[in-house]
Amino acid sequence: MTMRNDPLAPNLIEARAALARREVSSVELTHTALARAHALQADYNAFIRFDDESALLQAKAMDARLAAGCNGALTGIPLAFKDMFYRQGQVSTCGSKLRQDWKAPVTAQVLDRLDNAGAVSLGTLNMTEFAYGPTGQNAWTGDARNPWNRDYISGGSSSGSAIAVSTRMAFGTLGSDTAGSVRMPAALCGVTGMKTTYGLVSRFGCMPLSGSLDTIGPLTRNVQDNALLLSLI
């Protein structure tokens, strides 16, 4: 399927090239991604929060940058993030009712780096409560469901991160891996997930689970996209 038929069909690197050639706009990609995510939410429960208004404003700004010839590594690419990467002043639930009103005092360094690269943030993704569990089930936010068979688990704790990539809601996502929390959902949902070397990626502004084990890594459709996101964070 071509980008003309489905703007979300290409992988991240292909979409980036299409944006640079002005074959598609960031607003078009973002609007289509949000529409798809909303339409599939009841089936897969990948998101905790949608940031529609903010995302479309970001996309409009990225289109202006592209028109001015400012083409960053991710300018205009829609991404989404596990709801444990803090953004200053915004609620970060970490998948728990205990934090339903908790606002982050800082912004995660990984988000800062992707913002600087021009990424558009669609919203925050479902996860096992406090990233503690391998299945993707959550009594408060609702269970995340496998995109290949909704009767099966998605894996966790980065459940929404894997589902959003597998169902083409986003071109890439971020997750965390302490004891398999990127690798398991990536395997069960059929996407590429990277468990990074300990200390390679900054954990500043990310919910801690185990200080001696936590790592941050990207989930994408293929290895090339994964390498690009990893290089940026």
Relative contact order of the chain, pairs being alpha-carbon contacts under 8 Å that are 6 or more residues apart, as %: 20 percent
Cα centroid separation - the stretch 13-88 against the stretch 117-164, whole Å: 19 Å
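Provide the percentage of antiparallel DSSP beta bridges, counting only those with both residues in the stretch 46-175; round to the nearest 5.
On the way: 5 of 11 bridges.
The antiparallel fraction comes to roughly 45 percent.
Starting from 0.36 nm per residue, how many nanometres of slack lie between ASN5 and THR196 once their C-alpha separation is accounted for?
Values: separation 191, 0.36 × 191 = 68.76 nm, distance 3.51 nm.
Here the answer is 65.3 nm.
For the stretch 2-56, just say rounded, prolate or oblate: build the C-alpha gyration tensor, square-root its eigenvalues into a ≥ b ≥ c, call rounded for a/c under 1.5, and beyond that prolate if a/b exceeds b/c, oblate if not.
Values: a/c = 2.52, a/b = 1.74, b/c = 1.45.
Prolate, because a/c is 1.5 or more and a/b exceeds b/c.
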Whole-number percent relative contact order across the stretch 22-89, with pairs defined as alpha carbons under 8 Å at least 6 apart: 44 percent
Computed over the stretch 130-233: relative contact order in percent, which uses C-alpha pairs under 8 Å that are six or more apart: 25 percent
Shape call, the stretch 176-233: gyration tensor on alpha carbons, a/c limit 1.5: oblate
Around ARG99: net Lys/Arg minus Asp/Glu count, Cβ-Cβ under 15 Å: +2
Spacing of the two label points (7 Å from each Cα toward its C-beta) at GLU23 and LEU213, in nm: 4.4 nm
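Read-outs throughout are calculated quantities, based only on the coordinates presented, and are distinct from any laboratory measurement. Here the structure is a predicted model, which is why all the values come from computation and not from measurement. Glycine also receives a Cβ, built like all others from the backbone with ideal geometry; neighbour counts cover every protein chain displayed.
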